[in-house]
Amino acid sequence: LNATGEAIEAVLRTVPGAADVRMEQADGLPVMTVEPDRTAIARYGLDVAEVQHTVQIATGGEVAGQMFEGDRRFDLVVRLPETLRENPETLKYLPVPLPEIQTHAEPILATSFDPLRDALGHGRNYVPLGELASVDVAQGPNQITRENGKRRVVITANVRGRDLGSFVEGARQRIHDNVPIPAGYWLDFGGTFEQLISASKRLQLAVPLALLLIFGLLYMAFNSARDALIVFTGVPLALTGGVLALWLRDIPLSISAAVGFIALSGVAVLNGVVMISFIRKLQEDGSTLRIAITKGALTRLRPVLMTALVASLGFVPMAFNVGIGAEVQRPLATVVIGGILSSTALTLFVLPVLYWLVYRKQKTI
């Protein structure tokens, strides 16, 4: 798992847009291993459990009694000092008690532990641990992380100067071409990309629903499908302006930009409602179609421009933000500003022309 993760990390560094690529620290922790020599243990009439018990007492300690302070009690644990516990060469001379009756071999004691032998007494024989097992220190796992019961290793990377979707597709292809994934292993992309996929699925439902609600409200406002469609044409041109603004600023399409398009759709039809409502009122008051369109466009010029300026200027600080949250605010504000500018042009110039083309044969000019 670590070897495959390191290979993926190396490949990921070559993908355009990858930054700060690193694999989580999964190894590098020193581990002391005591490997029993079963043949030697049997030759001295011992079993593995006795050797393990001796090592456990020496390194982990064993309760030798209790100390009382008032109504509190504390265990007295006896074990080797830390300087001896961490030294594998010293642990090789750890005396392991032999059975009372020896029939297999003479006991062996290192001369460097003569004081310890004297302290233990001569009533029982001992053999150093190095005669019964090998003591080594090697690099072991630093941590073993799991997800759904399966071991995993995480390789993280930031994406700069490129949209997240194309980066992941490029990373998938390069990993597939250069890193053989062993059987039983699999590769998943999570983090922000996982949130992007989830949000995209929600937007596939939210965007059509928002557009449908906007058209429904327009129909209820005008009680006319034609007028609702005329005003609704502000949405495509507003979306075009938003896409153009993203392209000019070299900002990739993101979830926040998609949310900006939803907000823009509502703002884009607002000026159209103001314009068409006034034109219809002039016609109801007896004005001809030409006069109603001309007068309506001129009279509603100021309200339309005021609405557009208020909405667009309010997003300017977000569009040029470089602080915390800028990666979310800039795409949204850029979409809204660009879309409002293009939809305002539609409202002032294209919308009156569309209204003329639709109703010129039905109403008195």
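For the reader, a short list of remarks on this structure follows.
- Of the residues examined, Thr33 is one that is modelled with pLDDT under 90, open to solvent by 50 Å² or more (accessible area, probe 1.4 Å) and either closer than 19 Å to Leu132 by Cα or β-branched (Val, Ile, Thr) (or both).
- Among the numbered conditions (1) open to solvent by 50 Å² or more (accessible area, probe 1.4 Å); (2) over 30 Å from Leu209 (Cα atoms); (3) not charged (D, E, K, R), the only one that Leu289 does not meet is (1).
- Any pair with Cβ under 7 angstrom, 6 or more apart, that starts in region 75-89 at a residue that is under 11 Å from Met32 (Cβ atoms) and ends at one that is loosely packed, with under 14 Cβ neighbours inside 10 Å and not aliphatic (A, V, I, L, M): Pro88/Asp136
- Filter pass, Thr90 being open to solvent by less than 100 Å² (accessible area, probe 1.4 Å) and not in a strand (DSSP E or B): yes
- Condition check for Leu264: farther than 16 Å from Asp163 by Cβ, assigned to a helix (DSSP H, G or I) and open to solvent by 60 Å² or more (accessible area, probe 1.4 Å): no
- For region 308-329, the candidate set comprises residues that are under 21 Å from the mean Cα position of the chain (by Cα) and of a type in the set (A, V, I, L, M, F, W, C); within that set, the residue that is most open to solvent (accessible area, probe 1.4 Å) is Ile324.
- A search for C-beta distances below 7 Å between a residue of region 140-164 that is farther than 19 Å from Asn2 by Cβ and any residue that is part of a helix (DSSP H, G or I) and not hydrophobic (A, V, I, L, M, F, W, C), counting only pairs 6+ apart in sequence or on different chains, returns Leu164/Thr192.
- Selected residue [open to solvent by 90 Å² or more (accessible area, probe 1.4 Å) and touching a helix residue (DSSP H, G or I) at 6+ places or on another chain (Cβ under 6 Å)] from Leu346, Leu332, Leu341: Leu341
- Among residues of region 121-136 being modelled with pLDDT under 85 and open to solvent by 80 Å² or more (accessible area, probe 1.4 Å), the one that is nearest to Tyr44 (Cα to Cα) is Arg124.
- Filter result (open to solvent by 80 Å² or more (accessible area, probe 1.4 Å) and either more than 17 Å from Ile255 (Cα to Cα) or touching a strand residue (DSSP E or B) at 6+ places or on another chain (Cβ under 7 Å) (or both)) within region 144-164: Ile144, Arg146, Glu147, Asn148, Lys150, Arg151, Arg152, Arg160
The values are calculated or read from the model by the stated rules, or taken from the named source; none is laboratory data. Everything numeric in this text was worked out from a predicted model, so none of it was measured. Glycine gets a Cβ as well: all are built from the backbone with ideal geometry, and neighbour counts include every protein chain shown. Protein only, heavy atoms only, side chains kept; ligands, DNA and RNA dropped before computing areas. Shrake-Rupley method; radii C 1.70, N 1.55, O 1.52, S 1.80 Å.
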